[in-house]
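The structure appears right after this line, and notes come after that.
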Amino acid sequence: MNQKNRILIVGGVAGGASCAARARRLCESCEIVMFDRGPFVSFANCGLPYHVGDVIEDEEKLLVAKPDLFRERFNIEVHTESEVTAIHRDAREIEVCDLRSGRTRRERYDALVLSPGARAVRPPLPGIDLPGIYVVRTIPDTRRIREALAGASRAVVIGGGFIGLEMAENLMRRGLGVTLVELEPQVMPTLDPEMAAYLADHLVDKGVALRLGSGVEGFEARDGGLRVRVSSGEPIDADLVILAIGVRPEVALAEQAGLELGEAGGIRVDDQMRTSDPRIFAVGDVIEVRDIVTGAVRPLALAGPANRQGRIAAASIHRALGSEPACAQREGIRFRGVQGTAVCGVFDLTVATTGASERALQRAGIAYERVYLHPGNHVGYYPGASPIHMKLLFAPHDGRILGVQAVGEAGVARRVDVIAMALQMGGTVFDLEECELCYAPQYGAAKDPVNLAGMIAANHLRGDLPLADWNALAGADVQIVDVRMPEDFEREHIPGACNLPLEELRGRLDEIDKDRPVWLVCAVGQRAYYANRALLQRGYDVRILSGGMQTYTTFAR
Ligand SMILES: Cc1cc2nc3c(=O)[nH]c(=O)nc-3n(C[C@H](O)[C@H](O)[C@H](O)COP(=O)(O)OP(=O)(O)OC[C@H]3O[C@@H](n4cnc5c(N)ncnc54)[C@H](O)[C@@H]3O)c2cc1C
């Protein structure tokens, strides 16, 4: 008798569920079975912080697809509360423990997909297992946190990454006083510090108490709550603690099965999501992926890559099993690598990034240049414009885009998304300069922030707009000329700067020493650019401080 090809999938959320659904779309005849140790599959873990904050009131809304839907619509069998405890590669079988009955059984596979995700880091600190300390990974986690909110008034969030920030906001939304503790001297460590400063200011404005550069040393039970001991300053008392200090790939099964792991601790896969065993595929938070900018290989816990990898694994499996008709277009399906495109809401701000940060480029030994700009999300004459603070990193020799970080109230994700696509396609700042984007007054500007970022960087590379390095400002033997109006200069200026408003510059050139370098600054860079053109053409050695005083304030703190 001809047995059907059996595809078994461990983990039924982002990577696993998308793999299962795609595998069915590609092949009607195979058997697809998905196992999850939790009570739910295909739930929106990205929505969990907002369920805690009651933005998503109804827990049901987090269930994107239930087992019945998988069965009825896709003919996919789903076993929840079923933990896969071992892989027997020789027999091509897995061992599954039904967590309700405690019984264990074996299941045969022709192809096995591992999408078990990652587990929250819980450092072995004194008191770490005390009641009241929560992680946010699953729906049962949010149930526990929501229950703990009754009667609670103070929370400590440990970890200033995107989950920590989302939890801080949502706990405030529920009326709690929140202290955020972060080991690094900044929030959102994937950003460069001067960009993260916008978020820190905003968090403080919103009432979050920040303890940056502060390590947690332990927990004690105190007056029905918890006392959190930190390396800097007074201990913090709280009714509940959220632990959001990162995740590690869930590799126990892979290790038991002897699959190859990478140096960063995730499962090693090729660009078709094959592990070191050609019958076993792995996707999502559990694997290591190559960063297309730095070449570094590491796990990356983001939903988009997990979903795309699930689709790719499905195509690879059918290719391997010969269970779908040959298709030239599918032959070319390969995972392209990651670039870390991410977005996060922090109260009224949005922060988004793609590609490498300066820190990542330095670690990888990649040369770069940077520009700062602060354009409006749309034209100023249309009501409601607000600035987007942007930093673009690019290669000095050819202008290839290396990364962007942006923070603002509106229009942030759209700009970063455009640049993300350009980066993936190997685009340059010259491409950004020329890209044709949507424009009407309420949405953007005829020169969109993306164009402006490209223009500034391209002008710099062409020598039309030489940039000075903010890091070189302290102690630089240069004349700093501030071309803003006197009242702006009086409010705040760089120590040692002289004030020559742009409007008076041409008549007061004798006040600038032509034999010394001139560094120009204004509010955000535009007037300094005009002044720079006027001075360059008169033979001055001139540069501008990119992003102007707006950027200075983030460096000066
Ligand atoms: C609170 C939160 C917010 C997030 N927000 C965002 C966001 O806004 N944007 C974004 O891009 N990403 C976000 N992420 C990350 C994103 O959700 C993950 O990158 C993505 O879900 C990874 O998919 P995965 O399939 O690898 O793992 P998961 O989606 O975590 O699924 C793994 C599943 O495998 C099950 N499992 C593990 N081991 C076994 C076993 N041995 N047997 C059976 N089942 C097992 C687990 O129970 C789990 O259900 C967020 C994550 C969290 C926790």
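The values are calculated or read from the model by the stated rules, or taken from the named source; none is laboratory data. Keep in mind that what you see is a predicted model, and the values were worked out from it rather than measured. Please note: Cβ atoms are built from the backbone with ideal geometry, for glycine as well, and neighbour counts cover all protein chains shown. Surface areas here come from the heavy atoms of the whole protein model, side chains and all, with no ligands, DNA or RNA. Shrake-Rupley method; radii C 1.70, N 1.55, O 1.52, S 1.80 Å.
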Inset, instruction - Out of the residues in the range 361-374 that are open to solvent by 20 Å² or more (accessible area, probe 1.4 Å) and either β-branched (Val, Ile, Thr) or touching a Leu at 6+ places or on another chain (Cβ under 9 Å) (or both), state the one that is nearest to Thr554 (Cα to Cα). - result: Arg370
Inset, instruction - Give the number of residues within the range 174-198 that are more than 16 Å from Ile158 (Cα to Cα) and open to solvent by less than 20 Å² (accessible area, probe 1.4 Å). - result: 6
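Consider Arg119 carefully, then state whether it is at pLDDT 95 or above, within 15 Å of the ligand (Cβ to nearest atom), open to solvent by 10 Å² or more (accessible area, probe 1.4 Å) and in contact with a His (Cβ under 8 Å, 6 or more places away or on another chain).
Values: at pLDDT 95 or above: yes; within 15 Å of the ligand (Cβ to nearest atom): yes; open to solvent by 10 Å² or more (accessible area, probe 1.4 Å): yes; in contact with a His (Cβ under 8 Å, 6 or more places away or on another chain): no.
Answer is no for this residue.
So which of Gly132, Gly164, Gly160, Gly151 is over 23 Å from the mean Cα position of the chain (by Cα) and either open to solvent by 30 Å² or more (accessible area, probe 1.4 Å) or within 16 Å of the ligand (Cβ to nearest atom) (or both)?
Values: Gly132 fails: either open to solvent by 30 Å² or more (accessible area, probe 1.4 Å) or within 16 Å of the ligand (Cβ to nearest atom) (or both); Gly164 fails: over 23 Å from the mean Cα position of the chain (by Cα); Gly160 fails: over 23 Å from the mean Cα position of the chain (by Cα).
The unique qualifying residue is Gly151.
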Inset, instruction - List the helices (runs of 4 or more DSSP H) that sit entirely inside the range 482-557 and contain at least 1 residues that are on the phi > 0 side of the Ramachandran plot and surrounded by 12 or more Cβ atoms within 10 Å (Cβ to Cβ). - result: 548-556
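Could you check the range 426-451 and list, in sequence order, the residues that are open to solvent by 50 Å² or more (accessible area, probe 1.4 Å) and farther than 17 Å from His397 by Cβ?
In the first step, residues of the range 426-451 are kept if they are open to solvent by 50 Å² or more (accessible area, probe 1.4 Å); the result is 430-431, 434, 436-439, 442-443, 446-447.
Glu434, Glu436, Leu437, Cys438, Tyr439, Gln442, Tyr443, Ala446, Lys447 - these are the residues of the range 426-451 that are open to solvent by 50 Å² or more (accessible area, probe 1.4 Å) and farther than 17 Å from His397 by Cβ.
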Legend entry - Selection status of Asp68, free of Cβ contacts under 8 Å to residues at least 24 places away in the same chain, acidic (Asp, Glu) and over 20 Å from Gly12 (Cα atoms): no
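Kindly indicate which of Ala301, Ala244, Ala306 is within 12 Å of the ligand (Cβ to nearest atom), modelled with pLDDT of 95 or more, touching a Ser or Thr at 6+ places or on another chain (Cβ under 8 Å) and of a type in the set (Gly, Ala, Ser).
Result: Ala306 is the single residue among Ala301, Ala244, Ala306 that is within 12 Å of the ligand (Cβ to nearest atom), modelled with pLDDT of 95 or more, touching a Ser or Thr at 6+ places or on another chain (Cβ under 8 Å) and of a type in the set (Gly, Ala, Ser).
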